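A.B. asks: So that we are looking at the same thing, I have put the structure below in structure tokens.
The values are calculated or read from the model by the stated rules, or taken from the named source; none is laboratory data. On a predicted model such as this, the values are computed, not experimentally measured, just so you know. Counting neighbours? That spans all protein chains shown, and the Cβs are built from the backbone with ideal geometry, glycine included. Keep in mind that these areas ignore ligands, DNA and RNA; they rest on the heavy atoms of the full protein, side chains included. Shrake-Rupley method; radii C 1.70, N 1.55, O 1.52, S 1.80 Å.
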Amino acid sequence: GEVMDRGTDACKNHLAECKVMDIRQTRKGWVQELLLGCEAKTEFKYFIGENQVAHSLEDSDFCARCWCQPCYTWKMVVKETNTDAEMIAVHRPFSCCVTSCKCCCPMQEAIVTSNGEEM
């Protein structure tokens, strides 16, 4: 059968020999969360050893983050640090929850490569 190519060159270059990747959430937006009680855009930095290899920043609407927690839609593109080449993108569609119970309201996410293939 045909073998599908999963991932971009940037993703493959960093992950080919990688055994452990450290993903760190930054403190970006903590003042907004403290003063307004509204989630800020989530930002992550990705490290292999001590070298930062990628970064990502949540793309979502301010009003949705404030009034539709935790079920608002968002997209996050993981980009290579030096070139901003897209490694992968994660998209979570809106999910209307009637309860706060995770077993009754599962969240869904789609992970796609830069050429649009779902992983």
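A.B. asks: How do the peptides 85-91, 30-36 rank, highest first, by the average count of neighbouring beta carbon atoms within 10 Å per residue? Each step should come with its number before you reach the end.
C.D. replies: Details: 85-91: 18.1, 30-36: 11.4.
Listed from highest to lowest mean packing, they are 85-91, 30-36.
A.B. asks: Return the lysines within reach of LYS79: Cα separation strictly under 29 angstrom, same-chain partners fewer than 8 residues apart disregarded; answer none if there are no such residues.
C.D. replies: LYS12, LYS19, LYS28, LYS41, LYS45
A.B. asks: Suppose every Lys and Arg Cβ carries +1 and every Asp and Glu Cβ carries -1, with no other charges. What dipole size does the stretch 1-81 come out with about its Cα centre, to the nearest 20 debye? Can you show the working numbers first?
C.D. replies: Working: 11 positive and 13 negative charges, 44 e Å.
Its charge dipole is roughly 200 debye.
A.B. asks: When ranked by the protection proxy of mean other Cβ atoms within 10 Å per residue, highest first, what sequence do the peptides 56-62, 17-23 form? Write down the numbers at each step before the final one.
C.D. replies: On the way: 56-62: 15.9, 17-23: 9.4.
Those peptides, ordered most packed to least, come out 56-62, 17-23.
A.B. asks: Would you please give the residues with an amide H less than 5 Å from that of VAL53, counting only those at least 5 places away or on a separate chain, with H modeled from the backbone geometry?
C.D. replies: TYR46, PHE47, ILE48
A.B. asks: Still on this model: To the nearest 10 Å², what's ARG24's accessible area with a 1.4 Å probe?
C.D. replies: 90
A.B. asks: Please work out the average accessible area per residue across the stretch 1-70, using the 1.4 Å probe convention, and give it in Å². Walk me through the numbers before you get to the answer.
C.D. replies: Values: 5060 Å² over 70 residues.
With all protein chains present, the stretch 1-70 gives 72 Å² per residue.
A.B. asks: Now for a different question. Out of the total accessible area of the stretch 45-96 (probe 1.4 Å, heavy atoms of protein only), what percent is carbon and sulfur?
C.D. replies: Values: 1570 of 2820 Å².
Its accessible area is 55 percent carbon and sulfur atoms.
A.B. asks: Can I ask one more? What accessible surface, in Å², does a 1.4 Å probe find on THR73, ignoring ligands, DNA and RNA and rounding to the nearest 10?
C.D. replies: Rounded to the nearest 10, that gives 60 Å².
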